[in-house]
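A.B. asks: The structure under discussion is supplied below as structure tokens; questions concerning it will follow.
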Amino acid sequence: MKNTFLVAISLFTFSIVSNAQTNLSYYLPPDTQYDPSIPTPQQVIGHEVGEWHITHDRLVNYMKALDLASDRITLEQTGLTYEARPLLLLTITSPKNHQNIEALRTQHLQLSDAAQSGSLDLKNMPAVFYLGCSIHGNEASGANAGLLMAYYLAAAKGPEIERYLENTIILFDPSFNPDGLQRFSSWVNSRKSMMISADPNDNEHHEAWPGGRYNHYWFDLNRDWLVAQHPESRARVKKFQEWRPNVLTDHHEQGTNATFFFMPGVPSRVHPLTPDKNQELTRKMGEYHAKALNQIGSLYFTQEGYDDFYYGKGSTFPDVQGSIGILFEQASSRGHAQESVNGVLKFPFTIRNQFVTMISSLKAINEMREELLTYQRDFYKTAYAEAGKDPVKAYIIGSKDKARVNMFAEMALRQNIDLYKLSSTQTINGKTFDISSSYLLPTNQVQYKLLQSLFFKQTKFKDSIFYDISSWTMPLAFGLDYEEIKTAPALGEKIKESKLPPGQVNGQGSYAYVIEPHGYYVPRAMYRLLDKGIRIKVSNEVFYGEGKKFELGTILIPIENQDKTPDQIKAVVKEITEKDGIDVYALSTGLDNRGVSLGSSSFYPLRKPEIAILVEEGVSPTDAGELWHLLDTRFQIPVTLIPVSVFNSTSIQKYNTILMPEGSYSAITESAKEKLKAWVQAGGILIGFERALSFFNASGLGRFEQKKEDPASSSQSGKQDPAKPKPYGDIEENRRAKETSGAIFEADADLTHPFFYGYNSSKIALFKGNNLFIQKANGAYSNPLVYNENPRLSGYITQPNYDKLKNSSALGISIIGTGHVIGFTENMAFRAFWFGTNKILMNAIFFGPTISADAGR
């Protein structure tokens, strides 16, 4: 809050020689006076806005300076990124509102309570506006415009701004993605010439892989709002749920040759749970943006290119919660200036467009304030009424794996979704939901619509094109059992906080320990043991111990003849129960007269994985990042990230497992291919995903043949004859309609295969985001995971592609020498929330060496 300006300047200013081409007069509204006690951006960051790309540290310094100088601003740190950069939120409103801010927040939340909202005085209630910048770090005009918006809100004087601040509480996030913003700004600033080059070929415009778009682990944070798997997302979702704003704006960039886009998107691509009124209000706000851009002569477009479908995006996430989400997309200079079809696109110009639409958003929210407040109140009243009529009274979820159930509960609680323990163990449609590892989510709750979106399944669509994925049914993603309950259930204790319960050691035996295979963190436990030099084995047969049946994939830890003492092994076992939440069984004998005894050769010894992941040239950053994140943060297994250029020339003998994420791999040299083949022949485990399978085929690293289209099937599906005339204007739409952008399909798994140890059901929900379909292998044991005749669970796919998907293989294994080449057609770690397939990948890493040669393609 307000303090002396001298303190701010002494803390945050420094001298930099500036050669700025623009100053504040280029950006700010004319005829507005500004408080001289509020520092300008240049006074703190040392350069004019747009002269250089703002670095995150200087952005933070300026926000702190404004907090010190202005009584309109309160700054809070909401979290830290993976790279320990602060996540900031500025609450900006009138000093009077600041004095009563908690009461105003509590009052605003009552709009979502159908029992209380009718008594609220909307005429005198401020609207809440969440303004966020540059969730993609290399789309930097938003964060740079944020400097101007923060200054304007803190320093502008006059009746207009006073009215805005009195009637609006602005939640301002100056950088949704600090790590990405810093990475990008460092790149372009360090390559800026004194005589700025607008040549698209200039190094400034070609970021090094992975680019600044992503966070530390190379995730697209604008796909993470719903599941919130990353610290940046969790911080902002927490604040969103604490306030439930009326409007959230999300400032992005698009291709250099575009102009400026604002919502709404394509009308036919709106999720069916989003009310029509939402789009009506979005269009009405669009009129304000158009007027503002008209005044400065900027070109723009709307209602094309982008959509309001996936609720994991920032501009769509609010739409199922009584709010209005607005996406802005500015053509990107991707540096300080770049040639485009619309002339030289200068960085300051891109910043100004973002800034004027920040102002137009504020103006629209103020002039539409009562309408927006009424809409939010009516949204929740309508949702309450719909919940009462919904034949589904609750959803029940559960699993033997308490970790994945806990992860689902954590996700739900982050979104303020109510869930409860069961009052008793239940069996529904042959599925047992144990009281200790199951939850009920009643539909009669405030977040009914958001809850619906988590369980929503859809196979018919108005449109065939999607900006992002077409389905995300969460219990399928988490690999959980679930059912719809049609009568109001008896609810147990309401869950306020979810934590993975610790495991325990069962039994007093001192002969061996065993771990059942179904727990999510079993791979972490296996690595923990192997890393400490403790020998372990995996069971390939059922066995019994202390009266209990142990399934295929159970892990055996002999106590004797180890390099560690029994007490040391006991200490590691205790660590596993506490940190991995896994039950361990202590057996007193190795004898089993019903199954196999513990000394049987059906127990295969396991080796410690030494893992490398290929990255950089030709590799998808997000797919590589998902694997890195999974192994590093979830399973705490160290990995080496090897650039393809380094892979071409270095020895790979220190690794026994190499992962090749989705990518082209055209940069791998012929000599490197031979090196890789020799490495596999000597016992290496090579695991590839999606297009890496094409590389395997071309390089003699296995047979993963693409499935050919059945002509009869094509004819029956009504596919157009390629020779038949089609409108030229439909070329792009027809091309995009053939894409499988992201849908959910069911595959049948062989549960006796080591890759499916720990799974209880042979029906596996896979996320598919490609048009890769591989032929089933000829071998009797070579198709452990196959799509069936009717595999679609939810989402969009064209009929010709669907025909090819049926009876295709999702997994293939080729045996080369003593090594194995394993190919997955799908992403096994999609966006860090497709937990249900993570174990397949981890089993491939740990159990791959045990696969029989008879199971190869």
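The values are calculated or read from the model by the stated rules, or taken from the named source; none is laboratory data. On a predicted model such as this, the values are computed, not experimentally measured, just so you know. When we count neighbours, we look across all protein chains shown, and the Cβ atoms used for this are built from the backbone with ideal geometry, even at glycine. To get the accessible areas, we keep the full protein, side chains included, count just its heavy atoms, and leave off ligands, DNA and RNA. Shrake-Rupley method; radii C 1.70, N 1.55, O 1.52, S 1.80 Å.
A.B. asks: Do we have residue 416 as of a type in the set (S, T, N, Q), open to solvent by 30 Å² or more (accessible area, probe 1.4 Å) and under 24 Å from residue 832 (Cα atoms) here?
C.D. replies: The answer is yes for residue 416.
A.B. asks: For the stretch 185-199, how many residues meet the condition of being touching a residue at least 24 places away in the same chain (Cβ under 8 Å) and under 18 Å from residue 140 (Cβ atoms)?
C.D. replies: 10
A.B. asks: Counting only residues that are under 23 Å from residue 753 (Cα atoms), give me the strands (runs of 3 or more DSSP E) lying completely in the stretch 547-604 with at least 2 of them.
C.D. replies: Where strands (runs of 3 or more DSSP E) fall fully within the stretch 547-604 and carry at least 2 residues being under 23 Å from residue 753 (Cα atoms), they are 548-550, 555-558.
A.B. asks: Now, a different point. Has the stretch 287-295 got at least one residue that is at pLDDT 95 or above, of a type in the set (Asp, Glu) and closer than 25 Å to residue 87 by Cβ?
C.D. replies: no
A.B. asks: Where residues in the stretch 601-626 are touching a strand residue (DSSP E or B) at 6+ places or on another chain (Cβ under 8 Å) and among the small types (Gly, Ala, Ser), which of them is nearest to residue 544 (Cα to Cα)?
C.D. replies: If we take residues in the stretch 601-626 being touching a strand residue (DSSP E or B) at 6+ places or on another chain (Cβ under 8 Å) and among the small types (Gly, Ala, Ser), then 602 is nearest to residue 544 (Cα to Cα).
A.B. asks: Please specify each residue of the stretch 265-274 satisfying the condition of being of a type in the set (Gly, Ala, Ser) and either exposed (fewer than 15 other Cβ atoms within 10 Å of the Cβ) or modelled with pLDDT under 95 (or both).
C.D. replies: Of everything in the stretch 265-274, just one residue is of a type in the set (Gly, Ala, Ser) and either exposed (fewer than 15 other Cβ atoms within 10 Å of the Cβ) or modelled with pLDDT under 95 (or both), namely 268.
A.B. asks: Would you check if there is a residue in the stretch 314-332 being among the small types (Gly, Ala, Ser) and within 15 Å of residue 447 (Cα to Cα)?
C.D. replies: yes
A.B. asks: Outside any loop (DSSP other than H, G, I, E, B) and open to solvent by 30 Å² or more (accessible area, probe 1.4 Å): is that true of residue 277 in this structure?
C.D. replies: The answer is yes for residue 277.
A.B. asks: Next question. Quick check on my filter: what residues within the stretch 281-306 are in a helix (DSSP H, G or I) and either open to solvent by less than 10 Å² (accessible area, probe 1.4 Å) or farther than 20 Å from residue 375 by Cβ (or both)?
C.D. replies: Within the stretch 281-306, 281, 282, 285, 286, 289, 290, 291, 292, 293, 294, 295 meet the criteria.
A.B. asks: If you go through the stretch 725-740 one residue at a time, how many are open to solvent by less than 100 Å² (accessible area, probe 1.4 Å), among the hydroxyl-bearing types (Ser, Thr, Tyr) and farther than 19 Å from residue 467 by Cβ?
C.D. replies: The total comes to 0.
Per-residue answers, yes or no, for (1) open to solvent by less than 70 Å² (accessible area, probe 1.4 Å); (2) among the small types (Gly, Ala, Ser); (3) under 23 Å from residue 437 (Cα atoms); (4) modelled with pLDDT of 95 or more:
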residue: 536; (1), (2), (3), (4): yes, no, no, yes
residue: 548; (1), (2), (3), (4): yes, no, yes, yes
residue: 555; (1), (2), (3), (4): yes, no, yes, yes
residue: 567; (1), (2), (3), (4): no, no, no, yes
residue: 570; (1), (2), (3), (4): no, no, no, yes
residue: 595; (1), (2), (3), (4): yes, yes, no, no
residue: 614; (1), (2), (3), (4): yes, no, no, yes
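A.B. asks: Which strands (runs of 3 or more DSSP E) sit wholly inside the stretch 62-150 and have at least 2 residues that are open to solvent by 10 Å² or more (accessible area, probe 1.4 Å) and not basic (Lys, Arg)?
C.D. replies: By residue number, 73-80, 86-92.
A.B. asks: Moving to a separate point now. Out of the stretch 160-191, which residues are of a type in the set (Val, Ile, Thr) and either within 30 Å of residue 99 (Cβ to Cβ) or modelled with pLDDT under 95 (or both)?
C.D. replies: 161, 168, 169, 170
A.B. asks: Separate question: Need at least 2 residues that are polar (S, T, N, Q) and either open to solvent by less than 10 Å² (accessible area, probe 1.4 Å) or touching an Asp or Glu at 6+ places or on another chain (Cβ under 8 Å) (or both) per element, so show me which helices (runs of 4 or more DSSP H) inside the stretch 151-253 make the cut, counting only ones lying wholly within it.
C.D. replies: 178-189, 231-243
A.B. asks: So the check is Cβ under 8 Å with 6+ separation or different chains; which pairs have a first residue in the stretch 616-627 that's within 7 Å of residue 661 (Cβ to Cβ) and a second one that's of a type in the set (Val, Ile, Thr) and surrounded by 24 or more Cβ atoms within 10 Å (Cβ to Cβ)?
C.D. replies: 624/615
A.B. asks: Tell me yes or no: at least one residue of the stretch 753-761 is open to solvent by 20 Å² or more (accessible area, probe 1.4 Å) and either among the acidic types (Asp, Glu) or not in a loop (DSSP other than H, G, I, E, B) (or both).
C.D. replies: no
A.B. asks: With respect to the numbered conditions (1) closer than 26 Å to residue 380 by Cβ; (2) acidic (Asp, Glu); (3) crowded, with 20+ Cβ neighbours inside 10 Å, which one is the sole condition not fulfilled by residue 481?
C.D. replies: All conditions pass for residue 481, except number (1).
A.B. asks: Any idea which of 401, 418 is in contact with a His (Cβ under 6 Å, 6 or more places away or on another chain) and either free of Cβ contacts under 8 Å to residues at least 12 places away in the same chain or more than 30 Å from residue 143 (Cβ to Cβ) (or both)?
C.D. replies: 401
A.B. asks: Take the stretch 449-477 and flag every residue that is over 22 Å from residue 220 (Cα atoms), in contact with a helix residue (DSSP H, G or I) (Cβ under 8 Å, 6 or more places away or on another chain) and modelled with pLDDT under 95.
C.D. replies: Result: 462, 463, 464.
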